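*Asks:* Provided herewith is a single structure, encoded as C-alpha cells, for subsequent inquiry.
Just so it is clear, none of the values below were taken in a lab; they were calculated from the coordinates. These numbers were taken from a predicted model, which means no experiment stands behind them. Reconstructed Cβ throughout: ideal geometry from the backbone, glycine too, with neighbour counts over all protein chains shown.
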Amino acid sequence: MSITRRDLVTNASKLLVLTPAAAAFLACLKGETAEMEPKYKMADHYWAMTIDIGKCIGCGNCVRACATENSVPDGYFRTWVERYVVPAWPDEHPDVDSPDGGKHGFPPKEKAGAKSFFVPKLCNHCAHSPCVQVCPVGATFESPDGLVLVDKTYCLGCRYCVQACPYGCRYIDPDKQVVDKCTLCYHRISKGLTTACCETCPTSARTLADLKNPNDPIHEFLRTNSVQVLKPHMATGAKLYYKGLDESVR
Amino acid sequence: MKDAAHLIRLAAVFAAGFIAFLLIRQALVPAGFGKYGHFRAGALDDIRARKVSFAGREQCAICHDDRVKELHAGKHAGVGCEACHEAQAKHAQLDDPSTGKPVLPDTKVLCARCHEKNNAKPRGFPQVATAEHSGGEPCKSCHNPHSPKL
C-alpha cells in the first residue's frame, strides 16, 4: 500500500486542525475542577495592613498566633517583632534585637538617653515584588487581590526569592524544602475574618486593611497620619503602612 | 512538480513537530494557568483551603454574650478573647463546643506578657514590675481578667 500525496496532505491537515480542538476540549475539562470560593470575589479586594508603632507593646501575641494558625515551624517566622534601641546623638547604630522573633516578649534593656520601641514585621505584599521577578518557574506570584503567594507544588526550593526579598520575609520550609511565607492569612481573610496576628493584637497596633473598600478606616488612616513604608527607595510597592516609623528602622 | 516533493515532506515534518509541541504543552501546562496571571489559578484555592485555628471574637459572642459584655465594659475592651485564650476554633464550633474545652490561662504568665514593665513599650501603656507589684500572687487574686481595673 502506498500513500498518495493527496492522502498525506488531507490527513495531515485534518490532524493539524483536530489536535488543537482536542487540546482546547481537554483544557476545558481540566479547567472545570478549579472552582472558586463562592462568596469571595477577588476583584472586590486589595489587601494591605496598617501598623502603628506607637501602639505596639511587644507582647509577641502576633508571632505566636501566626505560628499556630499557619503551623510555622519553630525557629522560622512569617511575622516577628524587633526591638530598636536608638542611642542618643552622636552614636550611629541602633541596637536591634528580636529574641525568638519576640515570641515570648522582650527582657528589659536599659540604655541611658536612648529611645526604644518595637517594630512588628511581616511580608509587605509588595505590588512590584522583587521575589516574584526572580522566580524562575512562576511559583511565586502576585494575586489580583494584592497578595504575594507561593504555589508550593511548583516551587523548586532554589532560594532566589529568599535572597531577593529586601525585608527578609521568606524561609525554606525545613520539611518540604520549598519556600514559605506570610499569606496574609488568605484562608481567613477570604472567609471574612481578619488575620491571626490582627485578631490577637491587644492594642490594634496592626490592622488588616482593604484598599478597595471605600469604607475601610485605612483611607482615613492614610489621610490623617504621616505614614511610611519600609525601604521606599527600593520601589517595591510595599503595602505595610507604618505610622510613627523612626528613621533608624531598616 | 517533482521538485516540490521534498518541500511537502518538510512541511509534514514541521506540522508533526507543531502538533507534538501542542500536545506536550497541553500535558505540561497546569489547568488554570494564566487565568489571573503567570501562575496556576488553583494555587489560590489550595491556600484558601486551609482550616482556621482562631475563630475570631465575633464567634465567641454567639455563646459567651455575658463575657463579651463584661469585657467591653472594662479596660480590656479592645483585647480579643483569643488574645488571652489562645486559638479556640475547635471549641467554638456551633454544633459541639464541648470538644476541646479551653484550658484556662495562668494569669501569672498571661498578664506579664502584656503588662511587664519595659521601656520600649509606649509610655501611655499601663505597666507594672510584676514581681514587686503582685508579690508573687497570681494577678487574678486581685484583678478580674475580664474587667481588670480596680
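*Asks:* Could you check region B:27-105 for helices (runs of 4 or more DSSP H) lying wholly inside it with 1 or more residues that are touching a strand residue (DSSP E or B) at 6+ places or on another chain (Cβ under 9 Å)?
*Replies:* Ranges flagged: B:42-48, B:65-73.
*Asks:* Of everything in region A:187-204, what is of a type in the set (S, T, Y) and at positive phi? Give them in sequence order.
*Replies:* A:S204
*Asks:* Restricting attention to region A:137-152, and to residues there that are at the interface with chain B (Cβ under 7 Å from one of its Cβ atoms) and not in a strand (DSSP E or B), which single residue is nearest to A:L211 (Cα to Cα)?
*Replies:* Among them, the one singled out is A:P144.
*Asks:* Collect the residues in region B:29-58 that are within 22 Å of the chain's Cα centre (by Cα) and over 30 Å from B:C84 (Cβ atoms), keeping them in residue-number order.
*Replies:* B:A41, B:G42, B:A43, B:L44, B:D45, B:D46
*Asks:* Inspect region B:103-110 for any residue being facing chain A (nearest Cβ under 10 Å) and over 21 Å from B:S53 (Cβ atoms) and give the result as yes or no.
*Replies:* No, that holds for no residue.
*Asks:* A follow-up question, please. So A:T207 passes all but one of these: (1) on the phi < 0 side of the Ramachandran plot; (2) within 14 Å of chain B (Cβ to nearest Cβ); (3) in contact with a His (Cβ under 9 Å, 6 or more places away or on another chain). Which condition number does it fail?
*Replies:* For A:T207, the failing item is (3).
*Asks:* To continue, here is another question. Need the failing condition index for A:D100 against (1) acidic (D, E); (2) within 12 Å of chain B (Cβ to nearest Cβ); (3) surrounded by fewer than 17 Cβ atoms within 10 Å (Cβ to Cβ), just the number.
*Replies:* Single failed check for A:D100: (2).
*Asks:* Looking only at region A:103-124, which residues are assigned to a loop (DSSP other than H, G, I, E, B), surrounded by 14 or more Cβ atoms within 10 Å (Cβ to Cβ) and either free of Cβ contacts under 8 Å to residues at least 40 places away in the same chain or not basic (K, R) (or both)?
*Replies:* Result: A:H104, A:G105, A:F106, A:K109, A:K111, A:A114, A:C123, A:N124.
*Asks:* Determine whether region B:51-73 contains at least one residue that is farther than 25 Å from A:C56 by Cα and within 7 Å of chain A (Cβ to nearest Cβ).
*Replies:* Looking through region B:51-73, none of the residues is farther than 25 Å from A:C56 by Cα and within 7 Å of chain A (Cβ to nearest Cβ).
*Asks:* Taking the residues in region A:210-241 that are part of a helix (DSSP H, G or I) and in contact with a Phe, Trp or Tyr (Cβ under 8 Å, 6 or more places away or on another chain) as candidates, determine which candidate is farthest from the other protein chains (Cβ to nearest Cβ).
*Replies:* A:L222
*Asks:* Turning to a different aspect of this structure: So which of B:V79, B:V52, B:V103 is surrounded by 15 or more Cβ atoms within 10 Å (Cβ to Cβ), under 24 Å from B:S141 (Cβ atoms) and among the β-branched types (V, I, T)? Let's see the steps before the verdict.
*Replies:* Values: B:V52 fails: under 24 Å from B:S141 (Cβ atoms); B:V103 fails: surrounded by 15 or more Cβ atoms within 10 Å (Cβ to Cβ).
Of the residues listed, the single one that is surrounded by 15 or more Cβ atoms within 10 Å (Cβ to Cβ), under 24 Å from B:S141 (Cβ atoms) and among the β-branched types (V, I, T) is B:V79.
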